[in-house]
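The structure under discussion appears below in the form of structure tokens.
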Amino acid sequence: MVVERNPAVEALTAGIGAMQHVPRELLRAEGICRRFGPVQALASADITLLQGEVHVLLGENGAGKSTLAKVLSGLYPERRDRIWLYGQPVYLASARVARSFGIATVFQEFSLIPALSVAENLGLVRKRTSSPFRWLRSREEIEATRELLSAIGFDISPHARVSELAQVQRQIVEIAKAMIQQPRILIMDEPSSLLTAREEPLIFAALRRFTAQGGAVLYVTHRLHETILVGSRVSLMRQGHIVETRDLDANSTEQDLIRLLAREHSGAVAAPGFKPGASIVKVRDVHAGRDCNGVSLEVRAGEIVGLYGVPGCGRETLVRALIGLVRVRSGSIEHGAGVRPRNPRQSARAGIVYLPSGRKERGILSRRPIRENLTLGQLDAVSRGGFVLPQAERRMVEERLRHLTVDFRSMEDEIGFLSGGNQQKVLFGRVLRDDLRLVILEDPTAGIDVQARAQIHRQMVALAERGVGVLLVSNDIRETLSLCSRVHVLCAGKISATFDAPYPGGEAAVLDAMMGQSAKSPGGAEKPAAVVGN
Amino acid sequence: MTSSDTPERPAQTVLTRGRAFNRTTLIFPALILLLGVVTSLFESRFCSVENLLNLSRQLSPLMIISVGETFAVIGGGLDLSVAAILGLCGVYGVLTMSYLGTAAGIAVMILGGAVFGIVNGLIISWFRASPFIVTLGALSLARGLALTATGGLPIYDLPDRYVNTIGFGSVLGVPWPPIIAMLTLIAGHVLLKYTVFGRHVVAIGSSEPAAMYSGVDVGLTKTLIYGLSGVTAGIGAVVLTAWVSSAQPNAASGQELQSLAAVVLGGVALTGGVGNMLDAFWGVLMLGTLSNSLDMIGISSFVQTLVTGVVIVLAAIVDGVRHKREF
């Protein structure tokens, strides 16, 4: 990593080096409170960050983790906060001030400018002069960027435009952007919801190097296995409080954390004995768009089929071809009953519904009531002659919300009032048409809490039992294996391997297939599925 | 999910709700009343029945095109061509009237507006073109057509019955123009709030991808939005030509910005997805009362232009504050 010192941090941290062996406290916050309207997001939260630790902030969505991370990043300034940095009381008046104190943050929302190159984006924060008219010394920036990215272990060209990068790569650049600021404290707010098993270890290794150099990381997540992998201490948050903080060591297991959480982690739903029915959609050697180069798969009524792959592997293109948004160049898509849809509307009318990933951008209607969010696209069922029947609509919404156990006060509340998990449940409610035949779910549980996740998994199984075909497009391997009766691994636009339950090779086999190490030849539709194991 | 889970809710959502109540029920009527009272202190004629009826006639075309503008803005776009289409429809409608009669003229105005708007909408949805540029071009195109048709001169040749009923006639003392304006407004309200189409307009304005993936026909909806805006321009042309007893190629020039300002001033978010017809109503009433008050007090039209500018900028600021998002 580039060794360039930040003078402001230097001044504050003078003397820390002298007593390196004792873990020094870099940050201490006491009694942090935040209230948003009627909601107490933080109720007297205390936290400390020690030199050299990765401190995991664990909790469900809505527990206040993100709010606390934002407070410590200077986004919700409040003069009454008692916060000490490197032993001195500070007032984090803005994100800028926090940055000048050596606190860098990787947010859930992307902060990169799509039209600029990777190096230019990193250059925006690297320079210490703040004049908006300064020259960007591009060669130097490109070198620094290349060095940093390769230090984290990724091969992303500094010249690449951010808009051309896959989401995963953007996430990595986002992390690099925080690192290049030479922080002492790195705050990461759910950084890994997009990362796959391939990037995770690299990022975690980079974090360990960072802490070994005397930094501290506050790692916000709701995932247990990450906590075990990366954390040296964990604080559990619930309803705006830090309920408990404890050290993690090599012997800590997820079971310990589950006990700590004291609520049953009901992640896995056993794949039920499926009795698949008629074929709903049969994809044969489809070439479409730029990155879908010969995919074959079939979904039958009553089964959950997994399509495992990272974003950018062609999975979006395939799904978009299924609902008629992308033209199929060669190969065929056979729909069990009726015509092939030419657009999402026809597709929905034919009972084929796609719930894309990206809740904020492609899912919710922000600032609209829960009711409107739920009935979007199915108003036909609750209208007559073009007029919405209010009572029928309310009845439909009430029924679905209850069925999905959404925690809400009024269906007229804006959907923004709900936690991420509950928002996702509402979106799931949107696909539950009465005439549903095939539902395509893309990362349906990304970034939501354990309970909501379990609920959505149960709903998927229930749909399959009802005879609906489910295509789960996901990069969450546990979820995929625990739910699907068949998993196709999509890699560079081709199916690189196919696995059938009960997956004797386990996660390792699937990951291998994705990394291309045991790449089975991309089987045609007729070939029997390759079961990797023993 | 247990009820003890506290969702993280953004603070401003709550504020917006509180403000929505105050805004629509209290603030605008209070402001307009205040403006009226203050003006009356300077000029007692302001409160006269004659002036108020005149004001209501004056405001009607703006109110009518603002209904279309509301659809465009809530749908995530905007329509800069409404006023120009109004001028164009007026010219061709009146020309038709002198050959084929009043009814045919009115039909040409409304249908012509619809066709022009639908073409706007088709271009915007087929080519994913920016509504700003497309309707800006349409503005120039429509004005050009109107000017070439008349050689730039007004047409005064209107049937008397048309002028006397729609322009100056009244029902139970209420002139026709405000009646037509209110009917348009109510129709727009019903369309926006109670129909599937209206729901789709809001959905597209809130998140076009979400609407598209949920099976909303985005292209059709957008085409209808601008078609509807064209229809309101046509209705506006009927009212305006009758009331001023002439068809002017430059009629209502600048009103596209006035209606946009009024709608935003009333509380429709420029970013789309938020707002209703009542917002448009109060916005137009506010702007109209202001300009009439300045008239009555005897402030020159130059200064009026200036004041209108200030109010429009204020509307933009209020829009920014009101619809501020958390990052």
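The values are calculated or read from the model by the stated rules, or taken from the named source; none is laboratory data. For clarity, every value in this text was computed on a predicted model and none was experimentally measured. Using ideal geometry, Cβ is built from the backbone for each residue, glycine included, and neighbour counts are taken over all protein chains shown.
Observations on the model:
- Residues that are closer than 25 Å to residue B:186 by Cβ and of a type in the set (Ser, Thr, Tyr), drawn from the range B:34-70: B:56, B:60, B:66, B:70
- Just one of (1) under 27 Å from residue A:322 (Cβ atoms); (2) modelled with pLDDT under 90; (3) outside any strand (DSSP E or B) fails for residue A:495. It is (3).
- Some residue of the range A:157-169 being in contact (Cβ under 8 Å) with a residue 60 or more places away in the chain and in contact with a Phe, Trp or Tyr (Cβ under 7 Å, 6 or more places away or on another chain): no
- Residue in the range B:246-269 that is within 14 Å of chain A (Cβ to nearest Cβ), among the small types (Gly, Ala, Ser) and farther than 19 Å from residue B:187 by Cα present: yes
- With respect to the stated conditions, residue B:240 is of a type in the set (A, V, I, L, M), touching a Pro at 6+ places or on another chain (Cβ under 8 Å) and either facing chain A (nearest Cβ under 9 Å) or buried (at least 24 other Cβ atoms within 10 Å of the Cβ) (or both).
- Residues that are in contact (Cβ under 8 Å) with a residue 40 or more places away in the chain and more than 14 Å from every other protein chain (Cβ to nearest Cβ) within the range A:467-478 comprise A:467, A:468, A:469, A:470, A:471, A:472, A:474, A:475, A:477, A:478, listed in sequence order.
- One residue stands out in the range A:416-443 among those that are modelled with pLDDT of 90 or more and basic (Lys, Arg): the one that is surrounded by the most Cβ atoms within 10 Å (Cβ to Cβ), namely A:425.
- Residue in the range A:335-355 that is within 30 Å of residue A:198 (Cβ to Cβ), in contact with a Cys (Cβ under 8 Å, 6 or more places away or on another chain) and either in a strand (DSSP E or B) or not aromatic (Phe, Trp, Tyr) (or both) present: no
- Residues satisfying the stated conditions in the range A:416-447, i.e. part of a loop (DSSP other than H, G, I, E, B) and more than 11 Å from every other protein chain (Cβ to nearest Cβ): A:432, A:434, A:435, A:436, A:437, A:443, A:444, A:445, A:446, A:447
- Against the numbered list (1) under 21 Å from residue A:320 (Cα atoms); (2) crowded, with 23+ Cβ neighbours inside 10 Å; (3) under 22 Å from the mean Cα position of the chain (by Cα), residue A:376 comes up short only at (3).
- Residue pairs whose Cβ atoms lie under 9 Å apart, separated by 6 or more positions or on different chains, with the first residue in the range A:351-369 and facing another protein chain (nearest Cβ under 9 Å) and without any contact (Cβ under 8 Å) to a residue 40 or more places away in the chain and the second among the hydrophobic types (A, V, I, L, M, F, W, C) and surrounded by fewer than 21 Cβ atoms within 10 Å (Cβ to Cβ), are A:358/A:446.
- Meets criteria (farther than 15 Å from residue A:188 by Cβ, crowded, with 19+ Cβ neighbours inside 10 Å and either within 14 Å of another protein chain (Cβ to nearest Cβ) or polar (S, T, N, Q) (or both)) for residue A:86: no
- Among the numbered conditions (1) buried (at least 16 other Cβ atoms within 10 Å of the Cβ); (2) within 14 Å of another protein chain (Cβ to nearest Cβ); (3) touching a Lys or Arg at 6+ places or on another chain (Cβ under 9 Å), the only one that residue B:175 does not meet is (2).
- Candidate set: the range A:311-350, residues that are in contact with an Asp or Glu (Cβ under 7 Å, 6 or more places away or on another chain) and within 14 Å of chain B (Cβ to nearest Cβ); chosen: the one nearest to residue A:463 (Cα to Cα): A:319
- Tallying residues that are within 19 Å of residue A:489 (Cβ to Cβ) and surrounded by fewer than 23 Cβ atoms within 10 Å (Cβ to Cβ) within the range A:444-469 yields 1.
- Pick from the range A:402-415, criterion more than 8 Å from every other protein chain (Cβ to nearest Cβ) and touching a helix residue (DSSP H, G or I) at 6+ places or on another chain (Cβ under 7 Å), ranking: modelled with the lowest pLDDT: A:408
- Cβ-Cβ distances below 6 Å connect the following pairs, each with a first residue in the range B:204-223 that is within 14 Å of residue A:345 (Cβ to Cβ), a second residue that is of a type in the set (Phe, Trp, Tyr) and not in a helix (DSSP H, G or I), and a separation of six or more residues or different chains: B:213/A:354.
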